[in-house]
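Only one structure is covered here, and it is reproduced in the block below.
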Amino acid sequence: MEIKVNLKNKVKVGMKNNFVFQEEIFLLLVILVVLAISPIFSPEFFSSYNLFNLLRQVSYTAIVSVGMLLVILIGGIDLSVGSIMQAVSLTSIFLLQNQLPVWAVLLIGLIFGALLGLLNGALITFGKLQPFIVTLGTMVIIEGCSLVATQGKGLSGGVSDGFLAIGAGYVGPVPIPVIIMVIIYIIGYFILKKSIFGRQIYSVGSNRLSAFNSGISVNKIQLWVYVLSGIFAALAGLLIASRTGAYQPGGTTGMELNAIAAVVVGGASLAGGKGSIGGTFLGALLAGLLFNLLVFLNMNSYIQQFVLGIIIMIAVIFSAYKR
């Protein structure tokens with residue numbers, strides 16, 4: 001009997017993995033189609049400048065999406081990532097203007113993001129509150145605090161060249177944020193595919209009660225996932241601040257939706273337990289390509305948000321249909 005059960009579970013896992021792989025192949029084909037038609041609208045599309053600039057823009061969303069993937073895998077959601085990026089961006093510019101060294105600003109920014117993620121995780125885990133409500137609340141609170149602190153104005157100037165070199169610098173022809181994105185995805189791959197922690201994340205998302213009964217500390221996993229989500233959001237906020245050398249109110253508005261879109265389009269289930277790091281990257285890349293195409297077509301930002309909404313809607317319907 002036990003052998004039959006194990007065989008049945010293996011068949012299920014195999015079918016699931018095969019389906020995820022098929023989704024990634026489908027996404028890759030869609031990306032190739034978009035790449036093929038893009039030069040029709042812009043002859044400069046395949047210029048090295050545009051391609052690397054595209055990858056730089058994708059890198060911010062892609063890095064945040066790794067944290068969002070972990071959260072969605074355990075069946076949660078994090079609407080506060082955009083506001084965490086904004087708060088860390090503001091803090092880093094303020095600290096640099098007060099002559100703190102770059103390494104200290106980076107460290108403080110990442111710790112700040114981790115603490116905000118920990119706050120989300122603690123409220124959800126020990127307060128037994130819904131992730132949607134908690135992260136929506138922290139999003140509004142953080143944005144409100146940022147607006148009060150700056151009176152709704154931007155912050156710029158007094159930023160060291162060392163900090164600017166991180167977001168605006170290159171290694172050869174490759175922008176540094178793109179290199180950081182690749183490193184983050186390699187780390188994400190090893191977390192989800194090669195570590196016990198990764199397997200526990202999938203277990204919690206697939207069946208929380210079974211994971212608990214099998215000895216997994218569900219609360220601990222949930223806390224760490226939200227902490228990591230905060231750290232990835234903080235890293236993206238630091239990269240954006242170091243790219244522009246300034247804080248702009250509302251500069252990261254909608255980033256949480258971009259990250260959710262990348263993860264869901266990449267094949268993750270909002271019910272938890274299903275998703276891949278490769279699919280998330282392809283989802284972020286596809287969204288970036290479509291936005292790049294809309295820019296070439298001179299469509300305004302409102303239409304871009306409309307397209308993003310359509311993409312999320314289609315992905316969610318498709319996800320629900322698969323279940």
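Can you give the net charge of the other residues whose Cβ lies under 14 Å from the Cβ of F232, counting K and R as +1 and D and E as -1? Present the calculation step by step, with values, prior to reporting the outcome.
On the way: positive: none; negative: D78, E256.
Once all neighbours under 14 Å are counted, the net charge is -2.
Using the Kirkwood formula over every pair of different C-alpha atoms, what hydrodynamic radius in Å results for region 24-73? Display every interim value, and only then the final one.
On the way: mean 1/r = 0.0790 Å⁻¹.
One decimal place: 12.7 Å for the Kirkwood radius.
Would you mind calculating the relative contact order of region 171-323 from Cα pairs under 8 angstrom and at least 6 residues apart, reporting the percent as a whole number?
On the way: 105 pairs, mean separation 30.8, N = 153.
Averaging sequence separation for qualifying contacts and normalising by length gives 20 percent for region 171-323.
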- Message: What are the extents of the Cα atoms of region 148-222 along their three principal axes, in Å, largest first?
- Response: 54, 41, 16
- Query: What value, in deg cm²/dmol to 500, does the helix sum -39500 (n - 2.57) over DSSP H runs of n ≥ 4 give at 222 nm once divided by the residues of the chain?
  - Reply: -26500 deg cm²/dmol
- Query: What percent do you get for the relative contact order of the chain when only Cα pairs under 8 Å and 6+ apart count?
  - Reply: 33 percent
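Just the number: Rg to Rh for region 228-269, Cα atoms, Kirkwood Rh, two decimals.
Numbers: Rg = 12.1 Å, Rh = 11.5 Å.
Ratio of gyration radius to Kirkwood radius for region 228-269: 1.05.
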- Message: I need the calculated FRET efficiency for the pair K193 and Q151, taking r as the beta carbon distance and R₀ as 51 Å, to the nearest 0.05.
- Response: 0.65
- Query: Which whole-percent values make up P(r) of region 85-231 when all C-alpha to C-alpha distances are grouped in 5 Å steps starting at zero?
  - Reply: 2, 8, 13, 16, 17, 16, 12, 9, 5, 2, 0
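So, counting K/R as plus one and D/E as minus one, what does the shell of residues with Cβ under 12 Å around I176 add up to? Please list the in-between numbers first.
Details: positive: R56, R243; negative: none.
In short, +2.
Evaluate region 208-254: find the radius of gyration of its Cα atoms, find its Kirkwood radius, and give the ratio Rg to Rh.
Values: Rg = 16.9 Å, Rh = 13.1 Å.
Expressed as Rg/Rh, it is 1.29.
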- For the pair S48 and F126, the simple spin-label estimate (label points 7 Å beyond Cα toward Cβ) gives in nm 5.3 nm
- Message: Debye calculation, C-alpha points only, no solvent: report log10 I(q)/I(0) for region 132-172 at q = 0.15, 0.24, 0.25 Å⁻¹, in the same order as the q values.
- Response: -0.63, -0.80, -0.81
- Message: Tell me which of L282, L239, I317 sits at the most positive position along the dipole axis of the chain, charges placed on C-beta atoms (Lys, Arg +1; Asp, Glu -1).
- Response: I317
- Query: For the chain, what are the DSSP H helices with axial Cα length of 20 Å or more and mean Kyte-Doolittle hydropathy of at least -1.0?
  - Reply: 2-41, 48-73, 81-97, 102-125, 131-150, 176-194, 218-244, 277-296, 301-322
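For the chain, how big is Rg over Rh, using alpha carbon atoms and the Kirkwood form of Rh? Each step should come with its number before you reach the end.
On the way: Rg = 20.0 Å, Rh = 20.4 Å.
Rg/Rh: 0.98.
Excluding I187 itself, what net charge comes from residues whose Cβ is under 14 Å from its Cβ, given Lys and Arg +1 and Asp and Glu -1? List each step's numbers first, then the result.
Values: positive: K193, K194; negative: none.
Net of charged neighbours comes to +2.
Would you please give the FRET efficiency between A271 and Y170, computed as 1/(1 + (r/R0)^6) with r the Cβ-Cβ distance and R0 = 45 Å, to the nearest 0.05?
0.65
Using Cα-Cα distances under 8 Å and only pairs 6 or more residues apart, what relative contact order does region 35-144 have, in percent? All intermediate terms of the calculation are to be shown ahead of the outcome.
Working: 60 pairs, mean separation 33.5, N = 110.
For region 35-144, the relative contact order is 30 percent.
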- Message: With equal scatterers on the alpha carbons only and no solvent term, can you work out the Debye log10 of I(q)/I(0) for region 165-267 at 0.13, 0.22 1/Å?
- Response: -0.63, -1.27
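Computed from the coordinates by the stated procedures, all read-outs in this text should not be read as laboratory data. Note that the coordinates shown come from a computational prediction; the quantities given were computed from them, not determined experimentally. Positions of Cβ are generated from backbone atoms using ideal geometry, with glycine treated the same way; all protein chains shown enter the neighbour counts.
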